[in-house]
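Here is the structure we will look at, set down as structure tokens.
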Amino acid sequence: MKTEKLELVCPAGTPAALRAAVDAGADTIYCGFRDATNARNFPGLNFSREELGDGIEYARSKASKVLVALNTYPEAGHPESWHRAVEDAADLGAHALIMADIGLLAYAAEKRPDTRRHLSVQASASNPDAIAYYQRTFDVKRVVLPRVLTVPEIAALNKEINVETEVFVFGGLCVMAEGRCSLSSYATGQSPNMNGVCSPASHVRYEDKGNKLVSKLGDFTINQFSQTEAAGYPTLCKGRFVTQDKPSYLFEDPTSLNAAQFLPELMEAGVTALKIEGRQRGKAYIAQVVSAFRKAADAAANGQPVPPLGLENMSEGQKETTGAYNKRWQ
Amino acid sequence: MTSVHKGPLAPLSPVLLAGIVAGPLPHKALQPLLNLAIKQMHTLHPDVFERMTSVNSPRFLIDPVDLPFSFIMDTHPDCPSLEIIQDFQNEEELYVQANVRGPLVLLIALLEGKIDGDALFFSRDLIVEGDTEAVLALRNAVDGADINVHNDLLSLFGPLGKPADAIAQLAGKVFNRFAKDLDRVSQATLAPLQRKCDAQAHTIAELEETVASLKKQVRRRAGKTA
């Protein structure tokens, strides 16, 4: 069924970023607590209980909603932090909880049934059977789809499921089976699913050699950028590897997703919400990207062409891709 | 041995020219002003320094590439400091955990959260070296603090804040106008060089294609004879 108006779901890593997202026109903001319960547990980032309460109040005053990401997997034998996070987020008035772990979903469904449950992209649910299972078992209201599906695949999926779908439209791109990648675990000993990042900052080093910028992850040199090249993050899947004497990007280029041009098709495909990636980015990024996508979503809702967004400077490597939405490979 | 320039190039800006003029003056004369500024920041934004305790309150070398001096910022939660330094030979002796290099105007915009640090990094206008986790923590801490350098410094003037604001506004306008003029001068000066560079880049790209094609042929022949 065609969507009339797409919901804009925007990131916030700090209270200032939350306010910036609300002020820029976000319908919904997602964020996390300052602990291991969320997959962006970076130094200096995220919300205390008090900050989240204030943030929810601020969002409400402007008719926006707040989602709380509890999207890591509780440690065996120590589920207390995750359970407390479910209780606290619900008590503070979060509109929904974003979760991936089936144990945590079960806990939230049983203890706090009145707070909506969204299935995190970390669960990597991308087919009707898997999604129906989460809906039937945990009464999940929305699923965040992995960034591996084409627009026709999303349209076909929406016809077979009975929950809302949310898709990524801007920011970091992962074309792996999300929640199941072990590249950074191999390189750094830290998991993207538990520590929340493909390149933990504690293992990242940049070296300015004058004529080139060298980026390293743990013991691995990931890339060397010449003076005139735009730089990217040192993630293994976006590393430059030398094969047959030629350095090239074998898996992914350092680039960011921008699916703005597909908004009319995504509406036609029955998508409910658009997700912008980047809880780890600053409030200037939030303000610029959210504001641009607000205009784009409104234009699409009014049947007008989506305007150029001018977000190349915010993109990794200053390059953009439409990713799997326009997939030309199997 | 040829020395190589590290960090982003200094833009032709009023800051660069002011730095050249101020270069011969004793830079330590600025220290009392920096002491006041960091004290004010500590008073108005204690959260910034408290958040830095999660990464053991590191010291940073802040290096505006368009000024002839740099700063060392200590993020101790009780007594943070900002020290001006010049002509250091060995970075190791500074006992800093990380370096942040970029044009002054961008560093201030970053401090105020008006510009995205990752975007500056992608465009190579900002270089960080050393403990990336410490830099990330600092970025997140200042980004969440709603710092406004103009207003924060004006609050130091108390009842004289209003006239000081008027002077600062005027200075800001002159600065912006001068910056635009210098930008135009810079573009006009560099245009012939840019054309030459574009032509050379085109030639290099063609040569690279030729070399790649030749390498392919060599590999094919080697494969046939194997």
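The values are calculated or read from the model by the stated rules, or taken from the named source; none is laboratory data. Quick caveat, the model's predicted, so the values are computed rather than measured. Cβ atoms come from the backbone with ideal geometry, glycine included; neighbour counts cover every protein chain shown. Surface accessibility is based on the protein's heavy atoms, side chains included, excluding ligands, DNA and RNA. Shrake-Rupley method; radii C 1.70, N 1.55, O 1.52, S 1.80 Å.
Each row is one residue, and each column tells you yes or no for (1) in contact (Cβ under 8 Å) with a residue 12 or more places away in the chain; (2) in contact with a Cys (Cβ under 8 Å, 6 or more places away or on another chain); (3) assigned to a helix (DSSP H, G or I).
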residue: B:Leu120; (1), (2), (3): yes, no, yes
residue: B:Arg124; (1), (2), (3): yes, no, no
residue: B:Leu136; (1), (2), (3): no, no, yes
residue: B:Leu160; (1), (2), (3): no, no, yes
residue: B:Phe175; (1), (2), (3): yes, no, yes
Discussion item. Can you go through B:Arg139, B:Arg184 and tell me which one is of a type outside the set (A, V, I, L, M, F, W, C) and out of contact with any Gly (no Cβ under 8 Å at 6 or more places or on another chain)?
Written reply: B:Arg184
Worksheet entry | Residue under evaluation A:Val271, criteria (1) open to solvent by less than 10 Å² (accessible area, probe 1.4 Å); (2) within 14 Å of chain B (Cβ to nearest Cβ); (3) of a type in the set (Val, Ile, Thr), criterion not met | (2)
Worksheet entry | Flag for B:Thr189 being at pLDDT 90 or above, over 25 Å from B:Val96 (Cα atoms), in a helix (DSSP H, G or I) and hydroxyl-bearing (Ser, Thr, Tyr) | no
Worksheet entry | Of the criteria (1) open to solvent by 30 Å² or more (accessible area, probe 1.4 Å); (2) within 9 Å of chain B (Cβ to nearest Cβ); (3) of a type in the set (S, T, N, Q); (4) at negative phi, which one A:Gln318 fails | (4)
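May I ask you to verify whether A:Phe220 is more than 23 Å from B:Val100 (Cβ to Cβ) and either touching a residue at least 12 places away in the same chain (Cβ under 8 Å) or more than 24 Å from the chain's Cα centre (by Cα) (or both)?
yes
Please find, among A:Arg205, A:Arg136, the residue that is within 14 Å of chain B (Cβ to nearest Cβ) and basic (Lys, Arg).
From the options A:Arg205, A:Arg136, the qualifying one is A:Arg205.
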Response to the item:
Per the filter on segment B:195-226, residues surrounded by 11 or more Cβ atoms within 10 Å (Cβ to Cβ) and either touching a Leu at 6+ places or on another chain (Cβ under 8 Å) or within 30 Å of B:Pro14 (Cα to Cα) (or both) are B:Cys197
Practice prompt. Quickly run through segment B:122-137 and pick out the residues that are more than 7 Å from chain A (Cβ to nearest Cβ) and either at negative phi or of a type in the set (Ser, Thr, Tyr) (or both).
Written response: B:Asp125, B:Leu126, B:Asp131, B:Ala134, B:Val135
Worksheet item: Residues in segment A:148-169: is at least one modelled with pLDDT under 95 and in contact with a Gly (Cβ under 8 Å, 6 or more places away or on another chain)?
Response: no
Item to complete: State yes or no: is B:Val100 among the hydrophobic types (A, V, I, L, M, F, W, C) and either in a loop (DSSP other than H, G, I, E, B) or within 30 Å of A:Ala21 (Cα to Cα) (or both)?
Response: yes
Item to complete: Would you list the helices (runs of 4 or more DSSP H) that sit entirely within segment B:1-88 and hold 1 or more residues that are at pLDDT 90 or above and farther than 21 Å from B:Phe178 by Cβ?
Response: B:31-44, B:46-51
Practice prompt. With the condition kept exactly as written, say whether any residue in segment B:128-142 is touching a Ser or Thr at 6+ places or on another chain (Cβ under 6 Å) and surrounded by 11 or more Cβ atoms within 10 Å (Cβ to Cβ).
Written response: yes
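Scanning segment B:74-117 for residues that are among the charged types (D, E, K, R) and open to solvent by less than 20 Å² (accessible area, probe 1.4 Å), which turns out nearest to B:Leu33 (Cα to Cα)?
Per the criteria, the residue is B:Arg101.
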Worksheet, complete the sentence: Across segment A:25-56, the tally of residues that are β-branched (Val, Ile, Thr) and more than 19 Å from the chain's Cα centre (by Cα) stands at 1
